[in-house]
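Reading through the structure tokens given below for one structure.
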Amino acid sequence: MKNHPQQLSIDAYDYELPDERIAKFPLQQRDASKLLLYREGGVSHTVFSSLADYLPSQTLLVRNNTRVVQARLIFHKATGARIELFCLEPFSPSDYALMFQQTGSCQWIGLIGNAKKWKEGVLSRPFEIEGNLYTLKATRVASHGKAYVLQFEWDAPVSFANLLEKVGELPIPPYLHREAQASDKVTYQTVYAQIEGSVAAPTAGLHFTESVLSDLKKKTIEWVDVTLHVGAGTFQPVKADAMKDHEMHTESIAVTRDVIRRLLEHKTPLVAVGTTSVRTLESLYFLGKKLLVNPYLSDFHIDQWTPYENDDFNPSKQEALSALIDYLDRLHVAELHASTQILIAPGYTFHLVDALITNFHQPRSTLLLLISAFVGDDWQRIYEYALQNDFRFLSYGDSSLLFPKKASV
């Protein structure tokens with residue numbers, strides 16, 4: 001790639017977002033939300049329930065099937081101090097599936113709210129299951145960067161997934177400035193959420209309903225699922241003046257061999273549902289590129305600057321995806337697991353994604369950088385249109401369907 005975003009100034013990706021434009025609650029009907037249409041430089045809008053009318057037949061949608069977990073755990077010390085523990089990612093065991101199956105104890109990397117009030121000792125809270133009283137305990141084990149390793153122990157005969165369902169709270173976005181409500185347990189999940197692990201929803205998917213999916217199917221539009229567990233870093237605005245001083249958060253991805261094969265064989269437009277799907281798809285390309293360089297690769301991680309490394313080796317999408325399939329076949333493994341810090345910013349060349357369905361993102365965020373990389377400077381015109389036409393912004397807000405000018409569909 002010719003352009004490197006390290007010297008990029010986040011100041012150029014700012015806009016005024018009045019608080020009243022942030023959707024604090026979702027619409028009663030998911031697919032009644034507005035859908036901005038950007039194609040060949042033109043901007044207009046419709047409603048999300050009409051999505052199928054604006055996608056070519058044979059389009060392949062790629063969705064993120066991650067499921068938000070109730071990752072906030074509230075404790076109270078004997079002094080009355082309120083301590084909030086926010087589970088970010090599994091530590092021991094580090095595998096998501098194994099973690100949620102754990103009984104008795106486990107360790108997470110997490111954040112501590114009101115940490116100055118809890119420097120040592122054991123926190124505990126009672127909880128009840130089927131009339132029986134049990135106890136959940138938490139211990140602060142060690143520092144882990146800006147977070148901590150937290151040890152949880154419980155005496156109930158349930159998995160950690162069941163425990164979170166019982167005592168955890170849904171981590172709705174901080175910019176909503178409200179406590180989670182019972183309704184959020186339904187509205188802050190996509191209708192196709194399956195794999196537990198996220199602390200934030202892949203919000204572009206919140207607009208889909210069974211009716212919309214049925215309309216897509218009638219038009220021979222199909223979909224496949226990938227998994228990226230969304231981390232809390234997705235809410236963080238860029239505070240550094242230049243992107244070289246901003247560290248991207250790491251997120252876990254998983255994609256089956258069958259899905260990679262579908263991506264390899266698909267010849268018609270590929271539309272990513274949400275920025276998390278984009279990050280997953282584009283990370284696959286660079287993982288495949290790494291395997292082409294080293295077929296015995298052991299480090300399945302994409303650094304934030306990996307896409308901008310100055311080299312002359314630029315394999316095709318087919319070559320990169322084929323390398324992934326060959327690797328999985330060689331190991332007789334059905335699913336690829338990796339992690340990614342990929343930063344998609346102006347100067348990035350997209351390898352798999354032809355169009356994007358996405359919500360409207362925070363000013364000065366890496367998500368806005370991704371949008372700018374996709375549509376260029378027209379992001380300003382798109383956002384101005386949305387502001388002037390009463391679009392609702394952020395997680396519970398409206399969405400857009402973006403076809404970059406270079407697209408041939």
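The values are calculated or read from the model by the stated rules, or taken from the named source; none is laboratory data. Just so we're clear, the structure is a prediction, and the values are computed from it rather than from any experiment. Because the Cβ atoms are built from the backbone with ideal geometry, glycine has one as well, and the counts that use them run over all protein chains shown. For the accessible areas, the whole protein counts, side chains as well, though only heavy atoms, and no ligand, DNA or RNA atoms are used. Shrake-Rupley method; radii C 1.70, N 1.55, O 1.52, S 1.80 Å.
List the GluC sites (Glu not before Pro) within the range 1-46 that DSSP assigns to loop and that have no more than 13 neighbouring Cβ atoms inside 10 Å. Present the calculation step by step, with values, prior to reporting the outcome.
Numbers: sites: 16, 20, 40; in loops: 16, 40.
Those satisfying the criteria are 16, 40.
Within the straight-line cut-off of under 20 Å between alpha carbons, the aspartates and glutamates reachable from residue 218 are 31, 53, 210, sequence neighbours fewer than 8 places apart in one chain being disregarded. When only Cα pairs below 8 angstrom with a gap of at least 6 residues are kept, the chain shows a relative contact order of 25 percent.
Where (i) 21.2, 61; (ii) 45.3, 157; (iii) 21.5, 65 are the candidate values, the label of the one calculated here for Rg and Dmax of the Cα atoms in Å is (iii). With the alpha-carbon atoms of the range 1-106 aligned to their principal axes, the span from lowest to highest coordinate is 59, 39, 38 Å, starting with the largest. GNM on the chain, alpha-carbon springs under 10 angstrom: the most fluctuating residue among 137, 317, 24 is 137. The modelled label-to-label distance between residue 175 and residue 92, using points 7 Å beyond Cα along the C-beta direction, is 3.7 nm. On the protein heavy atoms, probe 1.4 angstrom, tell me the percent of accessible surface of the chain carried by carbon and sulfur. The C+S portion of the solvent-accessible surface of the chain is 47 percent.
Axis angle, to the nearest 10 degrees, between helix 366-375 and the longest C-alpha principal axis of the chain: 10 degrees.
Mind scanning 117/137; 117/239; 290/317; 217/289 and naming the pairs with a C-alpha gap bigger than 22 Å? Provide the component values of the computation, followed by the final result.
On the way: 117/137 17 Å; 117/239 27 Å; 290/317 13 Å; 217/289 33 Å.
Check vs 22 Å cut-off fails for 117/239; 217/289.
Which of the chymotrypsin sites (Phe, Trp or Tyr not before Pro) found in the range 262-353 are in a DSSP loop and have at most 15 neighbouring Cβ atoms, other than their own, within 10 Å? Sites meeting the loop and neighbour criteria: 296, 313.
With every protein chain present, what is the per residue accessible area of the range 86-190 (1.4 Å probe, Å²)? Don't jump to the answer; show the numbers that get you there.
On the way: 5480 Å² over 105 residues.
About 52 Å² of surface per residue is accessible.
At the residue level, residue 275 shows approximately 10 square angstrom of accessible surface with a 1.4 angstrom probe and all protein chains present. For the pair residue 334 and residue 241, the difference between a 0.36 nm per residue extended length and the Cα-Cα distance amounts to 29.2 nm. Helix 378-388 and the longest principal axis of the Cα set of the chain meet at an angle near 70°.
Among the trypsin sites (Lys or Arg not before Pro) in the range 333-409, those located in a DSSP loop and surrounded by at most 15 other Cβ atoms within 10 Å of their own Cβ are 405, 406.
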